[in-house]
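Written below as structure tokens is the structure these notes are about.
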Amino acid sequence: MAIEKKDISSDTTESGPERAFLVGVQTVDMAEGEGAELLAELAELVQNLRLTITQSTLVKLRMRSPALFVGSGKAEEIIALAKAGDAQVLVFDAALSPAQQRNWEKLSDLAVIDRQEVILEVFADRAQTREARLQVSLARLEYSLPRLTRAWSHLSRQRGKGALGGEGETQLEQDRRTVRARIAHLKEELVEVVRQRDVQRRRRLRVPLPTAAIVGYTNAGKSSLLNALTGAHLLVEDKLFATLDPTTRQMTLPGNQKLLVTDTVGFIRRLPHNLVEAFKATLEEVIVSDFLIHVLDVSNPDFEKHSATTLDVLGELGAGGKPTLTVFNKVDTASAARIRAARHLAPDAVFVSALTGAGLDGLLDRCRELVASGQNIVELLVPHDRYDAIARLHAFGHIRDQEHRDDGVLIHAHFPATQAGFFAPFVVKL
């Protein structure tokens, strides 16, 4: 096991942020260079927390230590490097167990956090709506529950309860009970949020339209794409997890076909499982949508790994087999070599720039094809006095061709199954 040292510069704020020392890990089961890539991503996450990064270290690890994750000798070496740079926080690009965190804090006398805790804090900083705040609060509490001894290990037992009890309970026991009660309360609130979201979804289905969910790695340009397609004005920032809250907008496809599109929270490598669980209420839009629009940043050298991460999370959500349209965004900033590699990865993908509008017409055509593929072509004969039915076809379906005849308008069209009852009187044959 060897250590590679690398300086990373970071801006400071007027309030004087804490100074962080980053520890990356390259294990024998990881691809060559993957540890450095993840460490660079961790640096971006940490900078989103407004911490000053003093330095980073990449540890090449052959075997994990149960006590400290790395060997004791390497641990002393890391601590010496961190203290030489006056770091106050050690940040590990690995999932540390509660015992390992306690051991590191005792050995180093520094605050110690891992990648999971960093992501939780970034999510907490980004959460805007009540639903997102509830989900983040739940995930943070579930993460902190087995780690409460970090906060309370220095406290002694409280005095006994006299006639009401024995020698009393520890502050730690009280705090665990409080946290468990808060977790139960948050879960109850989230059940109500899910119920409300289900009511909203049923209201949308009263005027049924096909639906698509935009998914992808964080900072791939999902919100920018939704803005470009629908004219929405969602927050767009060049940073990880700029928005956590799903937003649904209506767009018009060629042939006047309407489509509801939902922007969802971005994914990231090593996304904590409890965050996936906590955000399942939000990510239900992925599960119930008719198809997915998988957005990738083609200018990013790691887009293949980002694609694999997204597909893994979709599989975990139960949406792995859903029809998916791959969209490579940011072609205006990508090299020709990257675009060739992207075509090799996904030959049927669409290449667009949400910023310049390049390729958006082709994306709209592909979305229309996906909508049509989920609906059967039906032959209808609509009387001349029922042009309201033709208007409804334009609103909720797609007319492939039509012929005006003496007895009405002969139409070949497709429409959602939820509209079958309305159009049944006009059906000639299936």
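Considering every residue within the stretch 326-347, establish whether at least one is in contact with a Lys or Arg (Cβ under 7 Å, 6 or more places away or on another chain) and within 28 Å of Leu271 (Cα to Cα). Write out each step before concluding.
Applying the first criterion (in contact with a Lys or Arg (Cβ under 7 Å, 6 or more places away or on another chain)) to the stretch 326-347 yields none.
No: zero hits.
Please verify whether Leu81 is part of a helix (DSSP H, G or I), modelled with pLDDT of 95 or more and either surrounded by 16 or more Cβ atoms within 10 Å (Cβ to Cβ) or touching a Ser or Thr at 6+ places or on another chain (Cβ under 6 Å) (or both), treating the condition exactly as stated.
Values: part of a helix (DSSP H, G or I): yes; modelled with pLDDT of 95 or more: yes; either surrounded by 16 or more Cβ atoms within 10 Å (Cβ to Cβ) or touching a Ser or Thr at 6+ places or on another chain (Cβ under 6 Å) (or both): yes.
In short, yes.
Would you check which residues across the stretch 93-102 are in contact with a Leu (Cβ under 8 Å, 6 or more places away or on another chain) and not in a loop (DSSP other than H, G, I, E, B) and list them?
Gln100
Check off (1) aliphatic (A, V, I, L, M); (2) modelled with pLDDT under 85; (3) assigned by TED's automatic domain parsing to the domain that holds Arg50 for Ala127 and give me the number that stays unchecked.
Result: Ala127 passes all but (3).
If you take the residues in the stretch 322-351 that are of a type in the set (Gly, Ala, Ser) and in contact with a strand residue (DSSP E or B) (Cβ under 9 Å, 6 or more places away or on another chain), which one is farthest from Leu363 (Cα to Cα)?
Ala334
Condition check: over 21 Å from Glu41 (Cα atoms), in a helix (DSSP H, G or I), touching a helix residue (DSSP H, G or I) at 6+ places or on another chain (Cβ under 9 Å) and not β-branched (Val, Ile, Thr). Does Glu105 satisfy that?
Numbers: over 21 Å from Glu41 (Cα atoms): yes; in a helix (DSSP H, G or I): yes; touching a helix residue (DSSP H, G or I) at 6+ places or on another chain (Cβ under 9 Å): yes; not β-branched (Val, Ile, Thr): yes.
Against the criterion (over 21 Å from Glu41 (Cα atoms), in a helix (DSSP H, G or I), touching a helix residue (DSSP H, G or I) at 6+ places or on another chain (Cβ under 9 Å) and not β-branched (Val, Ile, Thr)), Glu105 qualifies.
Looking at Pro254, Pro208, can you tell me which residue is at pLDDT 70 or above and either under 18 Å from Ala395 (Cα atoms) or among the β-branched types (Val, Ile, Thr) (or both)?
Sole residue among the options that is at pLDDT 70 or above and either under 18 Å from Ala395 (Cα atoms) or among the β-branched types (Val, Ile, Thr) (or both): Pro254.
Sort out for me the helices (runs of 4 or more DSSP H) sitting completely within the stretch 255-352 that have 2 or more residues that are closer than 26 Å to Arg140 by Cα and in contact (Cβ under 8 Å) with a residue 12 or more places away in the chain.
Fully inside the stretch 255-352 and qualifying: 273-278, 280-288, 303-317.
Inspect all residues belonging to the stretch 51-61 and state whether any of them is over 23 Å from His185 (Cα atoms) and surrounded by fewer than 15 Cβ atoms within 10 Å (Cβ to Cβ).
No, the stretch 51-61 contains no residue that is over 23 Å from His185 (Cα atoms) and surrounded by fewer than 15 Cβ atoms within 10 Å (Cβ to Cβ).
When the residues of the stretch 389-430 are narrowed to those that are part of a helix (DSSP H, G or I) and of a type in the set (Val, Ile, Thr), which ends up surrounded by the most Cβ atoms within 10 Å (Cβ to Cβ)?
Taking the candidates together, the pick is Ile390.
Of the residues that sit in the stretch 353-382 and are among the charged types (D, E, K, R) and in contact (Cβ under 8 Å) with a residue 24 or more places away in the chain, which one is farthest from Tyr217 (Cα to Cα)? Can you show your working first?
Start the filter on the stretch 353-382 by keeping residues that are among the charged types (D, E, K, R), which leaves 361, 365-366, 368-369, 379.
Checking the rest, the ones that are also in contact (Cβ under 8 Å) with a residue 24 or more places away in the chain come to 365-366, 368, 379.
On the way: Asp365: 24, Arg366: 21, Arg368: 24, Glu379: 42 Å.
That would be Glu379.
I'm checking my understanding of the structure. Among residues of the stretch 154-195 that are more than 26 Å from Ser144 (Cα to Cα), exposed (fewer than 12 other Cβ atoms within 10 Å of the Cβ) and not basic (Lys, Arg), which one is modelled with the highest pLDDT?
Looking at the filtered set, the residue picked out is Glu167.
Let's see how each residue does on (1) surrounded by fewer than 18 Cβ atoms within 10 Å (Cβ to Cβ); (2) closer than 30 Å to Thr247 by Cα; (3) touching a Phe, Trp or Tyr at 6+ places or on another chain (Cβ under 8 Å); (4) not polar (S, T, N, Q):
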| position | (1), (2), (3), (4) |
| --- | --- |
| Pro66 | yes, no, no, yes |
| Phe92 | no, no, yes, yes |
| Pro98 | yes, no, no, yes |
| Gln101 | no, no, no, no |
| Phe123 | no, yes, yes, yes |
| Glu131 | no, yes, no, yes |
| Arg147 | yes, no, no, yes |
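The values are calculated or read from the model by the stated rules, or taken from the named source; none is laboratory data. These numbers come from a predicted model, not from an experiment. Using ideal geometry, Cβ is built from the backbone for each residue, glycine included, and neighbour counts are taken over all protein chains shown.
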